[in-house]
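What follows is a short report on a single structure.
We did not get these values from a lab; they are worked out from the coordinates using the rules stated. Please read all numbers here as calculations on a predicted model, not as lab measurements. All Cβ positions, glycine included, derive from the backbone under ideal geometry; neighbour counts span all protein chains shown.
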There are 2 protein chains.
Amino acid sequence: MKKIGVVLSGCGVRDGSEIHEAVLTLLAIDRSGAKAVCFAPDIDCDEVNHLTMQETGAKRKVLVESARIARGEVSDIRNAKASELDAVVFPGGFGAAKNLCSFGQKGADGVVQPDVLRLVKEMAAAKKPICAICIAPSVVALALGKELSPRLTIGNDPGTAGAISATGSKHVDCAADDIVVDRDHLIVSTPAYMLAGSISEAARGIEKAVQATLELVK
Amino acid sequence: MKKIGVVLSGCGVRDGSEIHEAVLTLLAIDRSGAKAVCFAPDIDCDEVNHLTMQETGAKRKVLVESARIARGEVSDIRNAKASELDAVVFPGGFGAAKNLCSFGQKGADGVVQPDVLRLVKEMAAAKKPICAICIAPSVVALALGKELSPRLTIGNDPGTAGAISATGSKHVDCAADDIVVDRDHLIVSTPAYMLAGSISEAARGIEKAVQATLELVK
């Protein structure tokens, strides 16, 4: 059975993983007959009240909050090894851009959280597929842009696409329910809630993306 | 377009709505061409660390945490009116049994949160369908058991089924991916993670339950 790492960044669109995207990812992996294995970094994040969409000034723990989505089954990403995984998927949400890296704060000048960076580089070196959803391609762009110039999509927002391109990556416009596949670097991306107007629309793109990722597994 | 109320109870299986069940409910409603409208009570709950599964001693706000699942689009259940809804769905999670009612603490002696109780009674009086997932049938059992003796399932756990029966409701054993439909009282239930071993199995039951609920809408 294929083992697919799912990298979470908290629990909630504004300060963690976008919950619908994360659950739709787990569903698509399970329905494909593969096994999802969840990881998250053991770091703090800035808590956002999701009713007012304002930062509260408090902190939450990314690993502990990610456990809500994973029903307790989540490990520190420090323990994730590319040798034990067939592919990895990064659901979106601001947590991907603010906790897994600092693209959200610094754009193309951002850096990737060290344990996440190590895993992404290990996967790329091992020629194993990486799938990134919504704003999560920013993690891949910062990690691999200069070295590999991967083709990626975050939808069609000009500002965000420009910042992706400024990392050295090549941005490709894409519809909400479609995917971009970089067959040279085994990287799949889909815009999901960067563009989707409904959960069904996001689901169509995520199902295609997970399917394409599994097909790239050797 | 049919408007379906989705009653959330926080964000996380141990102190709120079970996240997978809530998202699968929203997906099934959207894919059926109906519109989901999320509600939650504006009350506190006991926070559980989902990595250790221990209570932390801190409180969280049920409405604010529910907004994470609803991407901000959730209203105080005090404002929910049966006259404006075609059906309501209660996803599971301990929050359904501990925040929406006190079945989790007191079994058949529990009571239902007043705003939730009002909505359930209004829906039943208006002959509009109610769908309850996982442990959420406990809310319906406490609200309507004595008056209507509805047929419900929470799966096949003897202790929980006994407590459901002690409310005056009739418990029916059911497989993880199947449903129980009480056509006299327009109440649909499915065990989901009370029994499901995977997200796909939970999804099959929830899809059937939402479909059956929409078919009961007059």
Considering only the stretch A:181-193, I want to know if a residue exists there that is in a helix (DSSP H, G or I), crowded, with 23+ Cβ neighbours inside 10 Å and touching a helix residue (DSSP H, G or I) at 6+ places or on another chain (Cβ under 9 Å). yes
Of the residues in the stretch B:11-64, how many are touching a Leu at 6+ places or on another chain (Cβ under 9 Å) and closer than 16 Å to A:ARG68 by Cα? 10
Would you mind stating whether A:ALA196 is in contact with a Cys (Cβ under 6 Å, 6 or more places away or on another chain) and under 22 Å from B:LEU24 (Cβ atoms)? no
Among residues of the stretch B:86-123 being in a strand (DSSP E or B), aliphatic (A, V, I, L, M) and closer than 23 Å to B:ASP157 by Cβ, the residue farthest from the chain's Cα centre (by Cα) is B:VAL112
Would you say B:SER169 is away from chain A (no Cβ under 14 Å), under 20 Å from B:ASP30 (Cα atoms) and not charged (D, E, K, R)? no
Selection within the stretch A:145-155 - more than 15 Å from A:ALA96 (Cβ to Cβ) and either acidic (Asp, Glu) or in contact with a strand residue (DSSP E or B) (Cβ under 9 Å, 6 or more places away or on another chain) (or both): A:GLY145, A:GLU147, A:LEU148, A:SER149, A:PRO150, A:ARG151
Members of the stretch B:3-39 that are farther than 20 Å from B:GLN211 by Cα, part of a strand (DSSP E or B) and more than 11 Å from the chain's Cα centre (by Cα): B:CYS11, B:PHE39
Hey, among the residues in the stretch A:156-177 that are β-branched (Val, Ile, Thr) and over 16 Å from the mean Cα position of the chain (by Cα), which one's farthest from A:ALA96 (Cα to Cα)? A:VAL172
Scanning the stretch A:188-210 for residues that are small (Gly, Ala, Ser), in contact with an Asp or Glu (Cβ under 6 Å, 6 or more places away or on another chain), under 15 Å from B:ARG71 (Cα atoms) and in contact (Cβ under 8 Å) with a residue 12 or more places away in the chain gives A:ALA192
Just wondering, is there one or more residues in the stretch A:46-67 that are part of a loop (DSSP other than H, G, I, E, B), more than 25 Å from B:SER198 (Cα to Cα), touching a helix residue (DSSP H, G or I) at 6+ places or on another chain (Cβ under 6 Å) and within 11 Å of chain B (Cβ to nearest Cβ)? yes
All but one of (1) assigned to a helix (DSSP H, G or I); (2) among the β-branched types (Val, Ile, Thr); (3) crowded, with 24+ Cβ neighbours inside 10 Å hold for B:THR167; state the number of the condition that does not hold. (1)
Just name the residue that is surrounded by the fewest Cβ atoms within 10 Å (Cβ to Cβ) out of those in the stretch B:56-105 that are touching a residue at least 40 places away in the same chain (Cβ under 8 Å) and acidic (Asp, Glu). B:GLU84
Just to be sure I understand the filter: pairs with C-beta atoms under 8 Å, separated by 6 or more residues or on different chains, first member in the stretch B:19-39 and within 8 Å of another protein chain (Cβ to nearest Cβ), second member of a type in the set (Asp, Glu) and part of a helix (DSSP H, G or I). Which pairs pass? B:LEU24/B:GLU207
For B:VAL6, are the conditions met, namely being more than 8 Å from chain A (Cβ to nearest Cβ), crowded, with 24+ Cβ neighbours inside 10 Å and β-branched (Val, Ile, Thr)? yes
Only one residue in A:ILE29, A:ILE19 is of a type in the set (A, V, I, L, M) and within 26 Å of A:ALA161 (Cα to Cα), so which one is that? A:ILE19
